[in-house]
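Taking it in order: structure first as structure tokens, then the write-up.
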């Protein structure tokens, strides 16, 4: 008597998904609150904003579909937006990479200290990003009279004869904005790098020494950086988001609007139309452009970070 062998038909993608959900249902239940909040307060508003960007909507009347008019006006007729776009790219190109590297270098150096001193220095470097009085300090430093610290120092050294109007003179406004933004930009990325450095497996350094790693630079490139890729990616995303969304620093220091729109950014332009003029269709078009700029920047950073350690 011959026994026939039976083989199960391969599962379809849908069946495989259902099976995986059943096997990991407890994990999905734990993720559900975050997913619901993220979907309700992030995904849906982004999709709504994209939809509203094709309309004229002033909060008083029903949205009126205008097609691509908002985008056409944004790039062809809105000279202030072009200035804001230029300023945003300058700030992102300068402050983004510099603050990212600075955050990692400071984290790397502080990680070499003892536990108590490391904790103290971490607080010192992180506090500026959450300090509510940060802008007041810089307003005093760059005050346009003889009592401003920057003017007082330069005048005492004989570099200048009369006070410089740091916050209203277009020659200096962008420089001041970059300096203050760099000072404020360590923040979350710095903490992520500290955590990543603390979690690197120390046995990898011993294995690396056996395999021919000879100095600290080789340890950094072949062991440390590949071991903390998640933190590096998280820090890059945070720095890109921060550098492309600069607004409060400019408004607090340079005014809103700033002289000659020298401190105007995409986000301040968005706030102008969204919160002052209540042209939500146009403001949504600005937000959509910024959203895709951030997406492209993040994709570029991901492709660069993939090469770390190769």
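The values are calculated or read from the model by the stated rules, or taken from the named source; none is laboratory data. Since we're looking at a predicted model, the values are computed, not measured. Note that each Cβ is placed from the backbone with ideal geometry, even for glycine, and that neighbours are counted across all protein chains shown.
Odds and ends about this structure:
- Enumeration of residues in the range 65-98 that are in contact with a helix residue (DSSP H, G or I) (Cβ under 8 Å, 6 or more places away or on another chain) and more than 25 Å from residue 174 (Cα to Cα): 66, 70, 71, 73
- Residue match in the range 50-59 (condition: more than 24 Å from residue 268 (Cβ to Cβ) and part of a loop (DSSP other than H, G, I, E, B)): no
- Criterion applied to 110, 124 was being within 30 Å of residue 217 (Cα to Cα), under 24 Å from the mean Cα position of the chain (by Cα), at pLDDT below 90 and surrounded by fewer than 13 Cβ atoms within 10 Å (Cβ to Cβ), and the one residue passing it is 124.
- Matching residues, the range 277-293, being over 15 Å from residue 64 (Cα atoms) and at pLDDT 90 or above: 286, 287, 288, 289, 290, 291, 292, 293
- Qualifying positions in the range 167-207 - surrounded by fewer than 21 Cβ atoms within 10 Å (Cβ to Cβ) and over 30 Å from residue 253 (Cα atoms): 195, 197, 198, 199, 200, 201, 202, 203, 204, 205, 206, 207
- Test: residue in the range 258-266 that is at pLDDT below 85, touching a helix residue (DSSP H, G or I) at 6+ places or on another chain (Cβ under 7 Å) and within 30 Å of residue 167 (Cα to Cα): no
- Flag for residue 85 being within 26 Å of residue 283 (Cβ to Cβ), buried (at least 18 other Cβ atoms within 10 Å of the Cβ) and within 17 Å of the chain's Cα centre (by Cα): yes
- Within the range 139-154, being loosely packed, with under 15 Cβ neighbours inside 10 Å and in a loop (DSSP other than H, G, I, E, B) holds for 145, 146, 147.
- Meets criteria (in a helix (DSSP H, G or I), closer than 30 Å to residue 227 by Cα and under 29 Å from the mean Cα position of the chain (by Cα)) for residue 204: no
- For the range 90-132, the set of residues classified as farther than 21 Å from residue 198 by Cα and not in a helix (DSSP H, G or I) consists of 130, 131, 132, listed by residue number.
- Every condition in (1) in contact (Cβ under 8 Å) with a residue 24 or more places away in the chain; (2) under 25 Å from residue 124 (Cβ atoms) holds for residue 167 except the one numbered (2).
- Top-ranked residue in the range 237-250 [being closer than 17 Å to residue 81 by Cβ and in a helix (DSSP H, G or I); ranked as nearest to the chain's Cα centre (by Cα)]: 244
- Qualifying residue in the range 177-199 (condition: assigned by TED's automatic domain parsing to the domain that holds residue 246, farther than 23 Å from residue 110 by Cβ and either at pLDDT 85 or above or under 29 Å from the mean Cα position of the chain (by Cα) (or both)): yes
- Within the range 273-289, considering residues that are in contact with a helix residue (DSSP H, G or I) (Cβ under 9 Å, 6 or more places away or on another chain) and free of Cβ contacts under 8 Å to residues at least 60 places away in the same chain, the one surrounded by the fewest Cβ atoms within 10 Å (Cβ to Cβ): 275
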